[in-house]
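The values are calculated or read from the model by the stated rules, or taken from the named source; none is laboratory data. The structure presented is a predicted model; accordingly, all values stated were derived computationally and were not measured. Virtual Cβ from ideal backbone geometry, glycine too; neighbours counted across all protein chains shown.
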Amino acid sequence: MKISVLGAGAWGTALAIAASARHEVCLWARDAAGVAAMRAARCNQRYLPDATLPDALVLTDQLDQALAHGRDGLIVIATPMAALRGMLAHLPAGARCLWLCKGFEAGSGRLGHEIAREVVPHLATGVLSGPSFAQEVAAGQPTALVSASHDPALAQLGVQAFHSERLRVYSSADPVGVEVGGAVKNVMAIAVGIADGLRLAAEAQGQPGPGLNARAALITRGLAEMQRLALALGAQTETLLGLAGLGDLVLTATGDLSRNRRVGLLLAEGLDLPGILQRLGHVAEGVYSAPTVLARARSVQVDMPIAAGVVEVLEGRLDARGAMDALMGRQARAEW
């Protein structure tokens, strides 16, 4: 199969590496100097410095070349959510496309499938998501993903493109649930990072703070918030209990490689958000998607107190301790 990956961040690069063992893969990056550097060093020094780029992997900064390469096979959009609309507009007639973007579009509050319905309603499109750190995929460590589309043939094409001995890919007919899971888990990971950061700060002072009980509560109630929003938008319950829901939430909320979790840890230390983002050096999608997640939830009358608390902290209206106290002070209610 001919596969084009549009976007050479960590995740796009990792998938291109994984697929290039069995397919003809072209990896596109916007920056010509960056592409030249990757060609020379055979690695993506900025985003994935420890992974070697296979000799067979074609690198280009020419979008037309990348689109032509994947036109009759599969085109994978691996940009941040903010660029999805623009990339979809470039797709050629008849192209089949999956995106890796996780989040709601700022401003419109739309998910990827809703954007695609506006921009390319005539094309087969879907999403590839699941609990996955790019470094582990590039290193060939076992990972499981979900290829989801309203078009069953495209969902299966995603399986054919990426399923291998080390990368297990399941198909799904519920892109709505997969996309909601991928968007909301980033926000919940910030919340868990805040709680864990408060625990570390308290321990350093010899005082009690939020512990593992609090982490479990946040993950479980975060899943409940995720599920409520997904069902309100037309998803299936089972999807949120699978890889793209619970699986991705657990990984992002507890894994040391999670940038969103790292944001929460640093917020608990009292660092300001601009300083945190400068320190990270990479995009933490939860920071940008949290307000949009909350706005979309409120538009369909879904209560998301954890997400609301994260927004309060990110926007400086509450500190980390205040947000935790606000959550614990909520009125008792039935779990479901």
Is there a residue in segment 138-145 that is modelled with pLDDT of 95 or more, outside the structural domain of A14 (by TED's automatic domain parsing), out of contact with any strand residue (DSSP E or B) (no Cβ under 6 Å at 6 or more places or on another chain) and not aliphatic (A, V, I, L, M)? no
Pairs please, first residue from segment 151-173 and more than 17 Å from L15 (Cβ to Cβ), second anywhere and part of a helix (DSSP H, G or I), Cβ atoms under 7 Å, 6+ apart in sequence or on different chains. S172/A155; S172/V178; S172/T239; A173/P152; A173/A155
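For segment 1-113, give me every one of the strands (runs of 3 or more DSSP E) that falls completely inside it and has 2 or more residues that are farther than 23 Å from L257 by Cβ.
Values: elements: 2-6, 24-28, 48-52, 58-60, 74-77, 96-99.
Counting at least 2 such residues, we get 2-6, 24-28, 58-60, 74-77, 96-99.
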Among the numbered conditions (1) part of a helix (DSSP H, G or I); (2) without any contact (Cβ under 8 Å) to a residue 24 or more places away in the chain; (3) touching a helix residue (DSSP H, G or I) at 6+ places or on another chain (Cβ under 9 Å), tell me where R317 comes up short. (1)
Is it the case that some residue within segment 158-177 is part of a helix (DSSP H, G or I), surrounded by fewer than 16 Cβ atoms within 10 Å (Cβ to Cβ) and among the aliphatic types (A, V, I, L, M)? no
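Condition check: within 22 Å of M87 (Cα to Cα), in contact with a helix residue (DSSP H, G or I) (Cβ under 8 Å, 6 or more places away or on another chain) and either crowded, with 17+ Cβ neighbours inside 10 Å or assigned by TED's automatic domain parsing to the domain that holds V127 (or both). Does D72 satisfy that?
On the way: within 22 Å of M87 (Cα to Cα): yes; in contact with a helix residue (DSSP H, G or I) (Cβ under 8 Å, 6 or more places away or on another chain): no; either crowded, with 17+ Cβ neighbours inside 10 Å or assigned by TED's automatic domain parsing to the domain that holds V127 (or both): yes.
No; evaluated as a whole, the condition is false for this residue.
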Search segment 202-216 for residues that are at pLDDT 90 or above and pair each with any residue that is surrounded by 10 or more Cβ atoms within 10 Å (Cβ to Cβ) and not in a helix (DSSP H, G or I) when their beta-carbon atoms are under 7 Å apart and the residues are at least 6 apart or on different chains. A202/G209; E203/G209
Which of the following residues is farther than 16 Å from R215 by Cα and either in contact (Cβ under 8 Å) with a residue 60 or more places away in the chain or out of contact with any helix residue (DSSP H, G or I) (no Cβ under 8 Å at 6 or more places or on another chain) (or both): S289, S258? S289
Just to check your reading of the model, which residue among A217, A224 is surrounded by fewer than 22 Cβ atoms within 10 Å (Cβ to Cβ), under 19 Å from the mean Cα position of the chain (by Cα) and part of a helix (DSSP H, G or I)? A224
Please go through segment 278-307 and pick out each residue that is basic (K, R) and at pLDDT 95 or above. R296, R298
If we scan segment 260-280, do we find a residue that is within 23 Å of S132 (Cα to Cα), of a type outside the set (A, V, I, L, M, F, W, C) and surrounded by fewer than 18 Cβ atoms within 10 Å (Cβ to Cβ)? yes
Given the condition under 14 Å from I17 (Cα atoms) and not assigned by TED's automatic domain parsing to the domain that holds T252, answer yes or no: does some residue in segment 78-91 qualify? yes
